[in-house]
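This report concerns only the one structure given below.
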Ligand code: UD1
């Protein structure tokens, strides 16, 4: 078993970004973090060896690998080959420990496969969540409808069921996580499960596609109604992770905010329609070519209003990046966050760079400034970190971004890619700053 210190994030580091360099060149996008973690969990459903390709070299993949090892799997993550090979035994352990779930909320995605395979899942509850509260209620309601008994004991969500049964489930909200949990629980349940108001994100399509290749019977993939006919057994497969649309969108904003021109390779522009349309409204040119698309911008962007919504709406995971763009845009923009209110915490950091942002509930009003000025700031989550890096790319002088471990969770090789595109970025121990 690998010891935890080996996968501890590199805390105590700082990214120093000196603004003023337009990005130019091409960058390759890796597989989606928000897909690969669930694909790894889905591998638990079939005994044998599953191979996942186009895997991003990020910390969360290490945490998920460790979680699967503790469940009894043999996991080999080859960062050079961008693969994860998971050998799943006939009998699995069914406990996901708090020390891992605490560090990666997405660990909850083993819940569905474990109840299905083991008849029991003991998964530590991520902080702040309670049975019935916002956060996991849709996962739990759905499992209960499928006949599982679910309790919260000593901080663990314990779900048991000898044999899950198909059920008709309506989600109050098209939750990505709940849709994934319920699909993974349903593929080997007895009978038919219908999930209405299901999430339609490309990552949901990705996991459903993998499950179908494994032998699952799912129809309505990519629509709001998924119909799953339970099967007795699934078999292991090789599956390629869908490209990371949020990383691709972050590079698109990076090109626009710096007044540069970047070819974003290996990305699917269809997964970013609204975000790219917004960049067009901001004055950028978006050209789809070959295996990706180019975003170029001349002059100052125009302010663009944003409303985050479940897919195909504007993604909440690109909201901080667009707030950064609006911070230097010509005009004022209203950004409405409908998924995670806490996301606006990052504007306090952006204000340290001189941005004019006021928030009220789930609205933020940004009045664009001619420029920002470099300052020390703290990344509080992955996307906040991305937003601050983008702001740093245009701020005058040097922006020091602390909390680099958060950025590493979602962006593999960010510093190297930024440098290749002409940015002035260095990463160093925080103590030297
Ligand atoms: C996933 C993504 C995250 C992205 C989000 C929305 C991963 C690892 N993370 O998160 O990056 O921002 O989708 O696109 O894939 N909710 C409930 N009850 C539930 C479940 C969710 O009330 O049982 C609420 C949440 O509190 C939140 C909203 O629904 O306000 C969206 O959550 P959800 O779609 O489940 O997002 P995640 O799967 O957690």
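Each reported figure results from applying straightforward, stated rules to the coordinates on display, with no laboratory input. Keep in mind it's a predicted model, so treat the numbers as computed, not measured. Neighbour counts are summed over all protein chains in view; Cβ atoms, including those assigned to glycine, are modelled from backbone coordinates with ideal geometry.
Per-structure values
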quantity	calculated
Fluctuation leader among 60, 360, 277 - the chain, Gaussian network, Cα springs under 10 angstrom	360
Prolate/oblate/rounded label for region 33-240 (Cα gyration tensor, a/c 1.5)	rounded
Helix axis angle, 202-213 relative to the chain longest principal axis, alpha carbon, degrees	30 degrees
Largest-first ellipsoid semi-axes for the chain, taking √(5λ) over the Cα gyration tensor eigenvalues, angstrom	37, 22, 20
Linear extension gain, residue 149 paired with residue 223, 0.36 nm per residue minus alpha-carbon span	23.8 nm
Global form of region 303-355, assessed from the alpha-carbon gyration tensor, a/c cut-off 1.5	oblate
Computed [θ] at 222 nm, deg cm²/dmol, the chain (DSSP H ≥ 4; -39,500 (n - 2.57); rounded to nearest 500)	-8500 deg cm²/dmol
Of all DSSP beta bridges in the chain, antiparallel share, percent nearest 5	75 percent
Stretchable slack from residue 369 to residue 81, in nm (0.36 nm times residue separation minus alpha-carbon distance)	99.3 nm
Tilt relative to the chain, helix 382-394 - C-alpha long axis, 0 to 90 degrees, to 10	20 degrees
Between 0 and 90°, nearest 10: helix 245-257 axis offset from the chain longest Cα axis	0 degrees
Distance between modelled label sites at residue 424 and residue 213, nm, 7 Å Cα→Cβ extension	4.5 nm
Selected from 90, 265, 238 as most flexible by GNM, with the chain as the system and alpha-carbon contacts under 10 Å	90
Nitroxide proxy distance, nm - points 7 Å out along Cα→Cβ at residue 330 and residue 277	2.3 nm
Shape category assigned to region 262-350 from the gyration tensor of Cα positions, a/c cut at 1.5	oblate
Among 220-233, 374-387, 163-176, the order from most to least packed when residues are scored by Cβ within 10 Å on average	374-387, 163-176, 220-233
